[in-house]
Amino acid sequence: MAEAEYMYRRALEGCEKAWGPEHTSTLVTVNNLGIVYKNQGKMTEAEAMYRRALEGKEKAWGPEHTSTLVTVNNLGGLYAGQGKMAEAEAMYRRALEGQEKAWGPEHTSTLDTVNNLGTVYANQGKMAEAEYMYRRALEGCEKAWGPEHTSTLDTVNNLGILYKNQGKMAEAEA
């Protein structure tokens, strides 16, 4: 990961020199550096990069552009990983609303966000909302990828865990 960080920092420096700090190519690189920082466990740095990318993308493309929504979704994941569930929920709900408008409710990126929001709801103890999201994601994943795809199976696993944690063993085993 140190190599990836070095390369993205180098790319960012070049983008900023060539196009400036607000150019969309620069902002995409900022977002990607945020991903690297998150994967390294550098959460403060990751959040700073995501926030910078989000602010710039909102100015350049608007709040509902798909590239903006990628960064919104990334912030949701960062917050969820930090246990900041209220913030994660807000980001995922915003991303979901925009993705449904841009790509539709059954697009695979939309379904990923549906599944992620289900996990946030489960972590907040909102079991009915979590179940709804997982079932929605599962139905869409089965249509888009089929029953044996890893994304479908991840959602099956999440729904099974939710049922097990609620003591619904028959549903968990189904």
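The values are calculated or read from the model by the stated rules, or taken from the named source; none is laboratory data. In this text, all values refer to a predicted model and were calculated from it rather than measured experimentally. Please note: Cβ atoms are built from the backbone with ideal geometry, for glycine as well, and neighbour counts cover all protein chains shown.
Among helices (runs of 4 or more DSSP H) entirely within the range 1-68, having at least 2 residues that are within 16 Å of Gly81 (Cβ to Cβ), among the aliphatic types (A, V, I, L, M) and not assigned by TED's automatic domain parsing to the domain that holds Arg93 singles out 24-40, 43-60. Taking the stated definitions as given, is Tyr132 in a helix (DSSP H, G or I), of a type in the set (Ser, Thr, Tyr) and surrounded by 16 or more Cβ atoms within 10 Å (Cβ to Cβ)? So Tyr132 does not fit the description; no. Among the candidates Glu58, Glu64, the residue that is under 22 Å from Asn116 (Cα atoms), over 13 Å from the mean Cα position of the chain (by Cα), surrounded by fewer than 19 Cβ atoms within 10 Å (Cβ to Cβ) and not basic (Lys, Arg) is uniquely Glu64. Somewhere in the range 110-127, is a residue more than 24 Å from Asn32 (Cβ to Cβ) and either acidic (Asp, Glu) or assigned by TED's automatic domain parsing to the domain that holds Tyr37 (or both)? Within the range 110-127, none of the residues are more than 24 Å from Asn32 (Cβ to Cβ) and either acidic (Asp, Glu) or assigned by TED's automatic domain parsing to the domain that holds Tyr37 (or both).
Just one residue in the set Ala122, Ala86, Ala102, Ala130 is under 30 Å from Gly20 (Cβ atoms) and either at pLDDT 95 or above or in contact with a strand residue (DSSP E or B) (Cβ under 7 Å, 6 or more places away or on another chain) (or both); that residue is Ala102. The residue of the range 35-67 that is nearest to Asn123 (Cα to Cα), among those that are of a type outside the set (A, V, I, L, M) and touching a Gly at 6+ places or on another chain (Cβ under 7 Å), is Tyr50. For the range 147-171, a residue qualifies if it is modelled with pLDDT under 85, surrounded by 14 or more Cβ atoms within 10 Å (Cβ to Cβ) and more than 15 Å from Ala122 (Cα to Cα), and exactly one does: Glu171.
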